[in-house]
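Heads up: the structure comes next, in structure tokens.
The values are calculated or read from the model by the stated rules, or taken from the named source; none is laboratory data. A quick note: this is a predicted structure, and the numbers were derived from the prediction, not measured. All Cβ positions, glycine included, derive from the backbone under ideal geometry; neighbour counts span all protein chains shown.
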Ligand SMILES: *Cc1c(COP(=O)(O)O)cnc(C)c1O
């Protein structure tokens with residue numbers, strides 16, 4: 001075989017030099033922000049002012065919900081929502097998620113109760129959620145994994161029937177829809193992240209979206225130490241305010257959201273076309289009635305059929321200059337912060353274990369070139385074609 005087709009790991013030329021990152025924020029040209037920066041700095045109104053109010057209004061309008069409250073991050077937004085509702089007891093949540101989903105329960109002295117996921121959608125299986133509900137359940141905390149809506153109407157129905165709160169960690173979900181409704185309009189509250197790896201970027205930031213007027217009020221004061229204005233604080237709030245400069249950037253990237261969601265869907269279409277015929281690879285399934293944001297593109301690698309394990313593929317791709325991530329491995333119940341739960345969930349979350357053991361996220365960002373996706377597909381293909389030598393090489397160079 002010609003040397004040009006040899007994987008970089010075996011001495012071929014890397015397909016990307018410099019490497020292609022797993023993600024990059026898609027930002028407006030700097031000159032588009034100069035006017036707002038000038039206004040913010042010259043007025044001295046640096047936090048929760050006119051730009052924050054405008055961002056809140058635009059997001060509320062975009063989602064079709066009455067209240068959107070800007071906060072400093074998705075983490076602080078979720079912490080405040082759980083605190084404002086005064087929840088006590090257990091929260092049902094996936095273990096296959098970003099650590100924060102569990103951390104916000106721990107910060108509120110709520111007991112995490114992990115529920116297994118569906119092997120196709122990677123989201124919590126609503127039937128298992130229903131089975132996990134018990135007398136101590138205070139809330140369901142769903143996560144739209146990679147932007148794929150997490151059975152929002154099914155979970156709404158379950159939460160209503162059992163009289164528990166339904167909150168979504170919607171960090172990936174801004175721009176997604178389910179049955180024609182925007183993600184952000186489901187449950188009691190949904191919380192978005194505007195951090196650099198998400199689609200709408202404010203630098204750092206979060207948005208709490210809700211139809212619950214009292215919750216919106218509690219978050220508004222909660223982000224400001226829960227000081228209603230007279231320093232007779234109403235509960236243990238914090239500083240979770242969004243700076244004006246962040247809001248100005250968030251407004252610009254919000255304008256690009258729908259176009260960026262479309263672009264990511266097109267890029268993933270190319271990935272699926274380019275990788276779909278290789279054995280042992282499969283992709284997250286998006287419900288026919290759902291539209292996802294593709295915050296990430298997660299692929300499962302069955303080592304038996306593909307010829308290489310997920311970890312072997314990741315090393316071979318890194319040699320090609322293709323940076324990947326194993327979102328979300330290890331799952332929460334296998335992390336040190338959750339050591340107290342490890343034994344309890346050992347063997348109880350088989351799908352989570354399987355997906356976490358096989359998942360590999362490939363580079364994806366809104367302004368990525370179509371040609372880069374094609375080159376990454378080529379990298380995966382040539383690594384697969386040379387699987388025996390790649391395995392041997394990795395066994396010898398451990
Ligand atoms: C990024 C992320 C968060 C944290 O968002 P911050 O804005 O950084 O606090 C929470 N949950 C999920 C699923 C995330 O991906």
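Within the stretch 325-343, count every residue that is at pLDDT 95 or above, in contact with a helix residue (DSSP H, G or I) (Cβ under 8 Å, 6 or more places away or on another chain) and in a helix (DSSP H, G or I).
So the answer is 6.
On the basis of being in contact with a helix residue (DSSP H, G or I) (Cβ under 8 Å, 6 or more places away or on another chain), within 19 Å of residue 142 (Cβ to Cβ) and part of a helix (DSSP H, G or I), does residue 174 make the cut?
no
Given the condition touching a helix residue (DSSP H, G or I) at 6+ places or on another chain (Cβ under 7 Å) and not in a helix (DSSP H, G or I), answer yes or no: does some residue in the stretch 155-164 qualify?
no
I'd like to verify a number: residues in the stretch 283-296 that are surrounded by 20 or more Cβ atoms within 10 Å (Cβ to Cβ) and either within 16 Å of the ligand (Cβ to nearest atom) or closer than 17 Å to residue 118 by Cα (or both), how many?
Total meeting the criteria: 7.
Within the stretch 4-15, is even one residue at negative phi, part of a helix (DSSP H, G or I) and modelled with pLDDT under 95? Spell out how you get there, then give the answer.
Filtering the stretch 4-15 for residues at negative phi gives 4-10, 12-15.
If we keep only those that are part of a helix (DSSP H, G or I) as well, we get 4-5, 8-10.
Cutting the leftovers down to modelled with pLDDT under 95 gives us 4-5.
For the stretch 4-15, residues at negative phi, part of a helix (DSSP H, G or I) and modelled with pLDDT under 95: present.
For the stretch 223-243, how many residues meet the condition of being over 24 Å from the mean Cα position of the chain (by Cα) and not in a loop (DSSP other than H, G, I, E, B)?
Result for the stretch 223-243: 1.
Considering the stretch 27-69 alone, what residues qualify as being more than 12 Å from residue 248 (Cβ to Cβ) and surrounded by 19 or more Cβ atoms within 10 Å (Cβ to Cβ)?
48, 56, 59, 60, 63, 65, 67, 68, 69
Step by step: first the residues of the stretch 72-110, then only those that are part of a strand (DSSP E or B) and within 13 Å of the ligand (Cβ to nearest atom), then the one that is nearest to residue 123 (Cα to Cα). Which residue is that?
By that ranking, first place goes to 94.
Can you find even one residue in the stretch 5-22 that is over 30 Å from residue 373 (Cα atoms) and free of Cβ contacts under 8 Å to residues at least 24 places away in the same chain?
No, there is no match, as no residue in the stretch 5-22 is over 30 Å from residue 373 (Cα atoms) and free of Cβ contacts under 8 Å to residues at least 24 places away in the same chain.
Among the residues of the stretch 185-213, count how many are closer than 25 Å to residue 33 by Cβ and assigned to a loop (DSSP other than H, G, I, E, B).
12
If you scan the stretch 111-124, which residues turn out to be touching a helix residue (DSSP H, G or I) at 6+ places or on another chain (Cβ under 9 Å) and either in contact (Cβ under 8 Å) with a residue 60 or more places away in the chain or assigned to a strand (DSSP E or B) (or both)? Don't jump to the end; show me each part of the working.
Filtering the stretch 111-124 for residues touching a helix residue (DSSP H, G or I) at 6+ places or on another chain (Cβ under 9 Å) gives 111-119, 121-124.
Of everything in the stretch 111-124, those that are touching a helix residue (DSSP H, G or I) at 6+ places or on another chain (Cβ under 9 Å) and either in contact (Cβ under 8 Å) with a residue 60 or more places away in the chain or assigned to a strand (DSSP E or B) (or both) turn out to be 111, 112, 113, 114, 115, 116, 117, 118, 119, 121, 122, 124.
Go through the stretch 201-223 residue by residue and tally those that are away from the ligand (no atom under 11 Å from the Cβ), within 27 Å of residue 261 (Cβ to Cβ) and either modelled with pLDDT under 95 or crowded, with 24+ Cβ neighbours inside 10 Å (or both).
Residues flagged as away from the ligand (no atom under 11 Å from the Cβ), within 27 Å of residue 261 (Cβ to Cβ) and either modelled with pLDDT under 95 or crowded, with 24+ Cβ neighbours inside 10 Å (or both) within the stretch 201-223 amount to 4.
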